[in-house]
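Readers should treat all values here as calculations from the given coordinates under stated rules, not as data from a laboratory. Please read all numbers here as calculations on a predicted model, not as lab measurements. As a convention, Cβ positions derive from the backbone with ideal geometry for all residues, glycine included, and neighbour counts pool all protein chains shown.
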Amino acid sequence: MAAPATTLTPSPATGRGVVRGAAQLIFRSFPFPTEPGLRVFGNPDRSSPVFVTCNFDHTVRMVAQVLERMGLDCYLLVAPTGGVNVWCASAGGHFGVDEIEAAIKLSGIDQLVDHHRLVLPRLTAPGVDPKQVRSRTGWRVVFGPIDIDELPTWLDESFPRLVADVVTFPVRRRIEMGIGAGLWPAGLLGIPAALIAGWQAGLLTIGLAYLMSVLFALAYPRLPLAPGLPQALPLGVLLGAAGATTAWATGGGVFDTVFWGITLALMGVLIGLDFPSWSPTDVCKQQLLCFLYPATLAPPGFLPVVNEETCIDGCDICVKVCPKGAMSIQDDNHKATLLDPAGCLSCFACVQQCPVDAIS
Ligand code: SF4
Ligand code: SF4
């Protein structure tokens with residue numbers, strides 16, 4: 001049988017790729033679909049690994065870069081997730097059994113390999129029920145690492161085992177998130193600033209919004225206050241005071257002092273309120289990023305409760321699959337429990353992955 005048609009993502013090093021990458025960085029909260037289906041890397045044979053990802057173009061390009069860099073002979077199935085990234089699609093019910101089944105059928109991968117094992121990104125765990133995937137498609141699901149850059153190490157040391165993995169983001173990813181998150185304060189404040197105080201003030205506001213957003217993204221993991229208003233209000237006061245003081249100290253009159261004081265105070269509040277939704281460490285609590293694709297799997301404020309009667313001795317799947325390390329096995333009875341309720345994202349991964357439905 002002839003191999004299915006393949007589509008390789010153009011290299012981002014081309015001019016078009018660079019422009020597309022920049023647009024996706026700036027407008028990161030919008031879906032950017034790429035064609036679902038099969039990508040082939042190297043010269044895979046019938047035992048080569050099969051990876052699955054979403055059809056958010058930026059993600060597909062990132063995954064492709066890693067697979068190309070590794071020189072791995074493998075297949076990549078791009079599931080039709082509406083152009084939404086792995087985390088949002090999965091938490092919002094757009095990257096589940098239906099999408100995986102569609103990717104398998106669309107690609108004809110059944111005809112290309114002898115094994116039936118899919119490697120999924122770890123952050124699909126909230127939306128993918130492996131039992132259902134198995135019963136509907138005959139394919140077994142294994143979860144890889146959270147960060148695609150960890151894939152080579154995971155393949156070398158752990159494949160196909162599930163290993164505990166907690167979300168953290170390197171500086172480069174935080175800068176990208178900060179740039180993406182800067183769109184809202186830049187747009188919401190830059191345009192009024194230009195109309196009220198002239199285009200120079202508008203441009204300065206936009207530049208400051210991006211700068212503050214990136215700085216906030218970098219500082220975010222170390223901030224002592226809780227996400228949302230507790231972070232946003234002090235940030236607004238701090239930036240507002242800095243804006244007013246600087247305007248006054250550099251010879252601005254009453255108008256400039258009030259204008260920059262208010263503009264930067266609003267900027268601080270907007271960034272502080274919105275940014276947590278850009279980090280998977282809080283996305284499920286804030287549920288702002290997913291406003292286009294609302295996270296529907298877990299009700300707001302959901303905290304998992306383990307039924308100790310049903311929980312299996314010796315199992316630790318929920319502990320390993322939790323992206324925050326919030327679940328733990330108790331020493332005395334060897335049953336799972338939510339050890340860190342404050343750290344829980346209500347992401348639903350533990351509920352979805354428990355083999356005996358012991359978590360609700
Ligand atoms: S996944 Fe389910 S069975 Fe396994 S430890 Fe957690 S609660 Fe128990
Ligand atoms: S304990 Fe909370 S954060 Fe961890 S997997 Fe369960 S729902 Fe998600």
**Complete:** In debye to the nearest 20, the charge dipole size for the stretch 15-161, taken about the Cα centre with +1 at each Lys and Arg Cβ and -1 at each Asp and Glu Cβ, equals 220 debye
**Request:** Starting from 0 in steps of 20 Å, tell me what percent of the Cα-Cα pairs of the chain lands in each bin.
**Result:** 27, 51, 19, 2
**Request:** May I ask for the Rg/Rh ratio of the stretch 172-278, computed from Cα atoms with Rh as the Kirkwood radius, given to two decimals?
**Result:** 0.98
**Asked** Counting each DSSP H run of 4 or more residues in the chain as -39500 (n - 2.57), what helix-only mean residue ellipticity at 222 nm follows after dividing by all residues, to the nearest 500 deg cm²/dmol?
**Response** -13500 deg cm²/dmol
**Complete:** So the pair-distance distribution of the stretch 15-161, from every Cα-Cα distance in 5 Å bins, comes to percents of 2, 10, 20, 24, 22, 14, 6, 2, 0
**Request:** Kindly provide the pair-distance distribution of the stretch 78-172 built from C-alpha pairs, with 10 Å bins from 0 and whole-percent values in order of increasing distance.
**Result:** 16, 46, 34, 4, 0
**Item:** Residues Leu77, Leu266, Leu225 arranged by fewest to most Cβ contacts within 10 Å
**Value:** Leu225, Leu266, Leu77
**Request:** Output the direction-averaged projected area (hull surface divided by four) of the convex hull of the alpha-carbon atoms of the stretch 298-360, in nm².
**Result:** 3.7 nm²
**Request:** Specify the longest stretch of the chain that does not include any exposed loop site, a site being one of the trypsin sites (Lys or Arg not before Pro) with a non-H, G, I, E, B DSSP assignment and at most 15 other Cβ atoms within 10 Å.
**Result:** 162-360
**Prompt:** Can you sort Ile175, Ile146 by how many other beta carbons sit within 10 Å, fewest first?
**Reply:** Ile175, Ile146
**Prompt:** Quick one: putting +1 on the C-beta of Lys and Arg, -1 on the C-beta of Asp and Glu, what dipole do you get for the chain around its Cα centre, in Debye to the nearest 20?
**Reply:** 760 debye
**Request:** Could you line up His94, His116 from fewest to most neighbouring Cβ atoms inside 10 Å?
**Result:** His116, His94
